[in-house]
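Peer 1: This is the structure I want to talk about, given as structure tokens.
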Amino acid sequence: MRALRNGCFGQGIQMVSFETARQAAVALAQPLYQKEDVSLAHAVGRILADTIEAPRALPPFDQAAMDGYAIRLSGKNGVPLVLPISGRTCAGDKPDVLAPGTAHRVMTGAALPSGADTVVMQEHATRRGDLLQFGLDVEAGTHIRRVGEDVKQGTTILRPGRVIGWTEVALLTALGIATVSVACPLRIVVVVTGSELRHAGEPLPSGAIYDSNGPMLAAMLEAPNAHVSTLTVRDDLTAITHALESIAGSADLVIVTAGMSVGEKDHVREAVIRAGGQLDIVKVAMKPGKPLAFGTLGRAYFVGLPGNPQAAAFGALAFVRPMMKALLGQAPATRVTAEMSFTHSRKPDRTELLPVRLNVKQGRLTAHRSGPGGSHRMMPMVFADAVAVVPGASMRVDVGTRLEVLPFDQPRFEVN
């Protein structure tokens, strides 16, 4: 989708719907297919880049599932009441052979002796010296873990796009896999524009403010699969252009906050074009965050976010995170819906993003307003853990209306 032409930043720029912009952003971000091999010890949280097939079976051999005695019942008429004990195999010992007409002592996890087809739990047998007496309730074929019953050799166990967690580590190490191919972390640069900005800890002159967007976006986006750096630039067309030119060749994704509208000090759109970039969309029918843009900047992808904290944060949740998943070759996240616990008058011409607190009540996911409106406000975000997506319509949101929500992080729900 190419909605704009270079330099066409007049008042007649077409505004696209929120949903159209979401789809266009993900379609724009094509998988980078950059990968590297890492040890499994350093792979937690990384995204698998290649299909993994099982190099061996799990279990790798028939093994005893209980401490007990291995015997052979196949071809027997009933259960032998007494058998001599002919051997012993512990976990880690080489497989042995069951002597005909005998019982073989085995421990949990030990290789089943060749010729045995049943393991009798030690609680179901009585040992007297080298003789073993059985009860009448022994069942043939019990208490054996068969080779490959969990994983068959050669089967596909993990596919590209899967995040490696502790369960994947357990499986891979059990199969003897020590190194995996994973997607290279995205190189993200957040450029914060504003002559009024200072870094936290610095003296604050009259009329200046501390930058929160840069640290906020770095904290939101930094992950095992994304490395984020930040840069602050004053409101100057030449300075912003030079900054974009300097990072265009080394970043995968460039995010700029503020300066996205058409005011006297809003230089980012023109700077992108001067730096060799192209913008697909520059205006989205949403509140907060209408002056939102994305496109390309050299080999990098570009996203321009508004300067107000809520607008920047919610734009990153709605657009940047899905683009990151696409660039890393992951499938889109499953959309989450919740029942609204408040009423709200909808805007007929735009989608609204409202900070909400999620809650599980009587088995239903519900959303509660976390504070008053205002894209400059911080506290409603602090008390929220998601954003409710309210599509534009003439009807209002009533209690019980089910809407999509964008969780800030892995959902943590209170159960009432």
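The values are calculated or read from the model by the stated rules, or taken from the named source; none is laboratory data. All figures in this text were calculated on a predicted structure; none of them were measured in a lab. Heads up, the Cβs are rebuilt from the backbone with ideal geometry, glycines too, and the neighbour counts pull from every protein chain shown. Keep in mind that these areas ignore ligands, DNA and RNA; they rest on the heavy atoms of the full protein, side chains included. Shrake-Rupley method; radii C 1.70, N 1.55, O 1.52, S 1.80 Å.
Peer 1: Being over 30 Å from I164 (Cα atoms), open to solvent by less than 30 Å² (accessible area, probe 1.4 Å), not assigned by TED's automatic domain parsing to the domain that holds V228 and not in a strand (DSSP E or B) narrows it down to one of P348, P380, P355, so name that one. Even if it seems obvious, please write down each step before you answer.
Peer 2: Values: P348 fails: open to solvent by less than 30 Å² (accessible area, probe 1.4 Å); P355 fails: not in a strand (DSSP E or B).
Only one candidate passes the filter, namely P380.
Peer 1: Further question on the same structure: As an exercise: evaluate V390 against (1) under 24 Å from A223 (Cβ atoms); (2) open to solvent by less than 20 Å² (accessible area, probe 1.4 Å) and give the number of the one condition it does not meet.
Peer 2: V390 satisfies every listed condition except (1).
Peer 1: Condition first: aliphatic (A, V, I, L, M), in contact with a Lys or Arg (Cβ under 9 Å, 6 or more places away or on another chain) and either surrounded by fewer than 19 Cβ atoms within 10 Å (Cβ to Cβ) or in a strand (DSSP E or B) (or both). Can you find one or more residues in the range 318-334 that meet it?
Peer 2: yes
Peer 1: Being surrounded by 12 or more Cβ atoms within 10 Å (Cβ to Cβ), free of Cβ contacts under 8 Å to residues at least 40 places away in the same chain and touching a Leu at 6+ places or on another chain (Cβ under 8 Å) narrows it down to one of T126, T173, T179, so name that one.
Peer 2: Exactly one of T126, T173, T179 is surrounded by 12 or more Cβ atoms within 10 Å (Cβ to Cβ), free of Cβ contacts under 8 Å to residues at least 40 places away in the same chain and touching a Leu at 6+ places or on another chain (Cβ under 8 Å), namely T126.
Peer 1: Among the residues of the range 21-58, count how many are part of a strand (DSSP E or B) and open to solvent by 50 Å² or more (accessible area, probe 1.4 Å).
Peer 2: So the answer is 4.
Peer 1: Of all strands (runs of 3 or more DSSP E) completely enclosed by the range 97-202, which ones contain at least 2 residues that are more than 25 Å from V228 (Cα to Cα)?
Peer 2: Passing ranges, in order: 103-106, 118-121, 125-128, 131-134, 156-158.
Peer 1: Still on this structure, please answer the following. For residues that are open to solvent by 30 Å² or more (accessible area, probe 1.4 Å) and more than 19 Å from T126 (Cα to Cα), tally how many sit in the range 78-109.
Peer 2: The number of residues fulfilling the criteria is 10.
Peer 1: Identify, by number, the condition in (1) of a type outside the set (F, W, Y); (2) buried (at least 19 other Cβ atoms within 10 Å of the Cβ); (3) more than 26 Å from S17 (Cβ to Cβ) that V360 doesn't meet.
Peer 2: All conditions are met except number (2).
Peer 1: Something else now. Condition (residue is outside the structural domain of R402 (by TED's automatic domain parsing), open to solvent by less than 60 Å² (accessible area, probe 1.4 Å), part of a loop (DSSP other than H, G, I, E, B) and farther than 16 Å from L217 by Cβ) applied to the range 363-374: is it met by at least one residue?
Peer 2: no
Peer 1: Here is a follow-up. Any idea how many residues of the range 67-77 are touching a Ser or Thr at 6+ places or on another chain (Cβ under 6 Å) and open to solvent by 30 Å² or more (accessible area, probe 1.4 Å)?
Peer 2: Residues flagged as touching a Ser or Thr at 6+ places or on another chain (Cβ under 6 Å) and open to solvent by 30 Å² or more (accessible area, probe 1.4 Å) within the range 67-77 amount to 1.
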